[in-house]
Structures are given as C-alpha cells and as structure tokens.
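> Before I ask anything, let me first share the structure, which is written out below as structure tokens.
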Amino acid sequence: MNAFTYQNPVKVIFGAGTLAQIGVEAKKLGAKALVVSYNDGSVTGTLTKIWSLLDAAGVASQAFLEVTPNPPIEMVARGVEQAKAFGADLVIGVGGGSAMDAAKAIAAGVLYTHGDLWNMVYASHSNVTAQPPEAALPLLLIPTLPATGSEMNMCSVVSSTTRRQKSYIWADCLFAKTAILDPELTYTLPPFQTACGAIDAISHVLEIFVNGQAKSDLLHEFQLGVIKTIIRNLPIVLANPTDADARAELMWAATCGLNGWASPGDAWTPMHQVGHVLTSRYGINHGSSLGIMMPAWMAYHKSIKPAPYERFEREIMPIADFKAFIAKSGVPTTLSEKGVTEADIPGIVEGVRTVSFNADGVLASNPPVTAEVLAEILKGAL
C-alpha cells in the first residue's frame, strides 16, 4: 500500500429527517447565511423549510439562486459580491454537486486576495499557475443528489464560459464544517438525475480501482464494495423512488466514494478529465460523460492491464454487461448518442491536452495515456 496523509474534518449528520437540525447547526457557524442553490423549482420545498428553520434559530439568511450545472466562475463572482454586500459569515450549499461546488467557490472567493477568481483554478496540469484559496467562510452543505461527494471533500469543480474549460479548485479550506445528509431529500429526484448521480459515484471509485496501486487489499475491497452497493440499489430506486433503505444506501455510497477513504495514496481521475471536456464543449452532463467513458476505457485497457478488469468481471459483471447496466439505467453510453462524431475527436483530445496532460505530455493514469491512445479510446466510445 502506498504511503499517504489523510485528513477529513467534516462533521456528518446522516439520516432521514436530519434536515430539521440545520438551524441548530448553522447557528454554531455564523449569524448571517448566504444560501446557494438553484432557481428551477427542484429544491423549492427544501429551501422553504431551510429558511424557516434558520429563522427559528435566529440565523439571518439571503438566497443566491443562480446556480447552473458546471458552475461558471462568472456566476461565482456574482455570488461573492452578494455575500460581501449581505455581510455573510456562513455559506450554505443546497443541491447537487454544482450547488455545493458553487457554495465552496463563493465561500473561498469572499476572502480571496489573489486577483481574478479563475486564479484559484488548476486550469493546467502541465503548467500549474493556480493560487488556491487559503481561507473560506464556514460551509454547511446539504446534498439533494447523491453523486459527487462534494459534501465531504476539499474540491470544487467550476467552469469558465469564455475559456470553454472546466477544472478544479483544491484547498483545505473547502472542507465543509458540517454536512447534513438527509436521504428524504432525494425521493423526488427525476430518474435520469438519480441514474446520472449513481454513475458518477461509481466512476469515482472505479477510476481508482483500475488505475491505482496494485497492492492494496482493503482499498480494493472498499472500492468494489461501493460499486456493488450502487449497482444493487440503483434499480430498486428507479423502480420505487421512495424506497428509504435504497435511497440511504445510494446517498452514503456516493459520499464514501469521494471522501478519501477509497483513494488514500492514489489520485487518478483520467476519465473525469475527458468527461470535463465533453461537458465544456458539447454540453454533455457529467454523469452521461462518465457513462460514455467508463465502458470505452475499460474495453481498451483490459488487454493491456488485465488484472483489475478481470477482477471487476469476476466480482461484479462483464464489461459489456456493465455498459448495458448503464444504458438500462437511462444514461448514454456512446458519443454518437450525444451527436459527437469521429471528426470531433481531435478537438476533444486537444481540449484534454490543454487542461489535463501533465508536464510529461501524457494524461496521468496507470498506464499513462498519450494523445494517440486517447483518440483510440474515444473512437471506441462512438
């Protein structure tokens, strides 16, 4: 097992009905909360409850409801200005990964002293110029879509509309102080969003499993356990959206998939790097981009590095069946379904090269992936 340093300071409050604790928990962190979420009706009922509970606890609140998928840094800047004008001393993020990531970026942006907010972003892996934030307002995160694990990690994924790029802010100050994980908040999720979130959560551990260290018994058991849990419970939830046990399993599996437990000593996310380009250039949502990339990546690498792929097929299912599982869940598995053609592949490769290739001129994975290999993988994804 590789050497590692692990830290995760997030207080997690998990269980049905735990949203009721938000007032008490927020009061411990601040007196004026900027509540960051969407304005599309998907969380209206949840937000109404939150404002009532905050008010009852004596916490003043103001809503910033401009979050969109793949939160643009331009939107983050507006949130920062509103937080400053309101005098917020706490940021609450409510929603899926986009809402929580936006909340993190806003909380850091309020205290950021290094110029343009895009300077926080690791926008190039080959020439790192990022100046990550050193401080942030206290964060309280409430996921309503099990997927990204943002509620329990130190990462915020943001995009730039003008640059057509999507990448990371990575800093200790982005850990939430408290995360409230209430599975009841996921009962009304549309099936497609539920499935995309589950596929995203699978990818977080699958990428580490197939690309990470070879000798790590406990980590591999944990990674496969998360995948098995999601595969077992996703069909149950799609058939019965209010199944309390299955919803709880999906929520906790998604959190555990990216809170560091599955990956100490490893940090390989090559499929995500390609997925970000598919999102920024073609508007393919994050879960769909990974539903497309995982089977193609696995099919290409199985003969090159057979051990993890053969174990996946023994303990979970054949790669072809995994692709069929994703498709049956309602998530795309090919680029052609999203209108991407072979003529688009060079541009995708260049997009990945610009942001994600390292100083050695390859995409970090195990084994490393060249531009030529990436093009072949993408052809297999058509």
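> Applying the Karplus parametrisation 6.51 cos²θ - 1.76 cosθ + 1.60 with θ = phi - 60° to the phi angles of region 44-51, what ³J(HN,Hα) value in whole Hz is obtained for each residue in order, glycine and proline being reported as x?
Per residue, the Karplus-derived 3J(HN,Hα) values read 4, x, 5, 5, 4, 4, 4, 4 Hz.
> Where in region 153-171 does the label zone of Asp116 land, with the point 7 angstrom along Cα→C-beta and an amide N cut-off under 12 Å?
From region 153-171, the list is 160-164.
> Based on the Cβ-Cβ distance from Lys305 to Thr68, what FRET efficiency comes out when R0 is 41 Å, to the nearest 0.05? List each step's numbers first, then the result.
Working: r = 38 Å, r/R0 = 0.92.
Result of the calculation: an efficiency of 0.60.
> Taking a probe of 1.4 Å, how large is the accessible area per residue of region 164-298, in Å²?
Accessible area per residue, region 164-298: 32 Å².
> Cα to Cα, under 15 Å, and not fewer than 8 places away if on the same chain: which aspartates and glutamates meet these conditions relative to Lys104?
Glu66, Glu74, Glu81, Asp89, Glu134, Glu151, Asp172
> According to a simple spin-label model (label point 7 Å from Cα along Cα-to-Cβ), what is the distance in nm between Phe4 and Thr44?
Distance between label points: 4.3 nm.
> Hey, another quick one. Considering only DSSP beta bridges whose two residues both sit in region 91-193, what percent are antiparallel, to the nearest 5?
Numbers: 7 of 14 bridges.
Just about 50 percent of them are antiparallel.
> Can you return the lysines within cross-link range of Lys305? Criterion is Cα-Cα under 18 Å, with same-chain partners fewer than 8 residues away left out.
Lys215
> Considering only DSSP beta bridges where both residues belong to the chain, give the percentage that are antiparallel (nearest 5). Each step should come with its number before you reach the end.
On the way: 9 of 30 bridges.
In the chain, DSSP labels about 30 percent of beta bridges as antiparallel.
> Of the heavy-atom accessible surface of region 111-185 (probe 1.4 angstrom), what whole percent is carbon and sulfur? Could the numbers behind the result be given before it?
Values: 1410 of 2780 Å².
The value for region 111-185 is 51 percent carbon and sulfur by accessible area.
> Could you grab the relative contact order for the chain? Cα pairs under 8 Å, six or more apart, rounded to a whole percent.
Values: 757 pairs, mean separation 63.0, N = 382.
Relative contact order here is 17 percent.
> Using the Cα atoms as the points, what is the convex hull volume per residue of region 113-231 in Å³?
Numbers: hull volume 18.7 nm³, N = 119.
Measuring per residue, one finds 157 Å³ for the Cα hull of region 113-231.
> Continuing with the same structure: How much mean residue ellipticity at 222 nm does the chain get from its helices, if each DSSP H run of length 4 or more adds -39500 (n - 2.57) and you divide by all residues, to the nearest 500 deg cm²/dmol?
On the way: 13 runs with 177 residues, N = 382.
Dividing the helical sum by the residues of the chain leaves -15000 deg cm²/dmol.
> So how do 32-38, 4-10 stack up, highest first, on mean other-Cβ count within 10 Å? Numbers along the way, then the final one.
Values: 32-38: 25.3, 4-10: 10.4.
Put in order of decreasing packing, that is 32-38, 4-10.
> List the lysines whose Cα sits under 19 Å from the Cα of Lys328, skipping any in the same chain fewer than 8 residues away.
Partners found: Lys228, Lys338.
> Could you check the spin-label model distance between Ala16 and Lys84? Points 7 Å from the Cα along Cα→Cβ, value in nm.
In this crude spin-label approximation the distance works out to 4.6 nm.
> Calculate one ³J(HN,Hα) per residue across region 276-293 by plugging θ = phi - 60° into the Karplus curve 6.51 cos²θ - 1.76 cosθ + 1.60, and present them in order as whole Hz with x for glycine and proline.
Coupling constants for region 276-293: 4, 5, 4, 6, 5, 9, 10, x, 6, 5, 4, x, 5, 4, 7, x, 7, 6 Hz.
> Can you list the HN-Hα couplings for region 177-190, worked out from phi with the Karplus curve (6.51, -1.76, 1.60; θ = phi - 60°), rounded to whole Hz and with x for Gly and Pro?
For region 177-190, the Karplus-derived couplings read 6, 9, 10, 9, 10, 10, x, 4, 6, 9, 4, 9, 4, x Hz, x marking Gly and Pro.
> Continuing with the same structure: State the extension gain, in nm to one decimal, for the chain segment bounded by Ala244 and Arg281, taking 0.36 nm per residue of separation less the distance between their alpha-carbons. Don't skip to the end; give the middle numbers.
Numbers: separation 37, 0.36 × 37 = 13.32 nm, distance 3.73 nm.
Answer, rounded to one decimal: 9.6 nm.
> Report the net charge of residues surrounding Met100, where surrounding means a beta-carbon distance below 15 angstrom and charges are Lys +1, Arg +1, Asp -1, Glu -1. Intermediate values should be presented prior to the final figure.
Working: positive: Lys104, Lys177; negative: Glu66, Asp101, Glu151, Asp182, Asp200.
Combined, the nearby Lys, Arg, Asp and Glu give -3.
> Of all trypsin sites (Lys or Arg not before Pro) in region 112-171, which ones are in loop regions per DSSP and have a Cβ with at most 13 other Cβ atoms within 10 Å? Don't jump to the answer; show the numbers that get you there.
Working: sites: Arg163, Arg164, Lys166; in loops: Arg163, Arg164.
Passing sites in region 112-171 are Arg164.
> Report the label-to-label distance for Glu376 and Ala56 in nanometres (one decimal), using points 7 Å from each Cα along the Cα→Cβ vector.
The two pseudo-label positions are separated by 6.1 nm.
> Right, next: So between Lys228 and Lys27, what do we pick up on full extension, going 0.36 nm a residue minus the alpha carbon distance? Let's see the in-between values first.
Values: separation 201, 0.36 × 201 = 72.36 nm, distance 3.81 nm.
So the extension gain works out to 68.5 nm.
> Tally Lys/Arg at +1 and Asp/Glu at -1 over every other residue whose Cβ is under 10 Å from the Cβ of Leu335; what's the total?
The answer is -1.
The values are calculated or read from the model by the stated rules, or taken from the named source; none is laboratory data. Not measured: the values here are computed from a predicted model. Virtual Cβ from ideal backbone geometry, glycine too; neighbours counted across all protein chains shown. The protein model used for the area step is the full one, side chains on, heavy atoms only, and it has no ligands, DNA or RNA in it. Shrake-Rupley method; radii C 1.70, N 1.55, O 1.52, S 1.80 Å.
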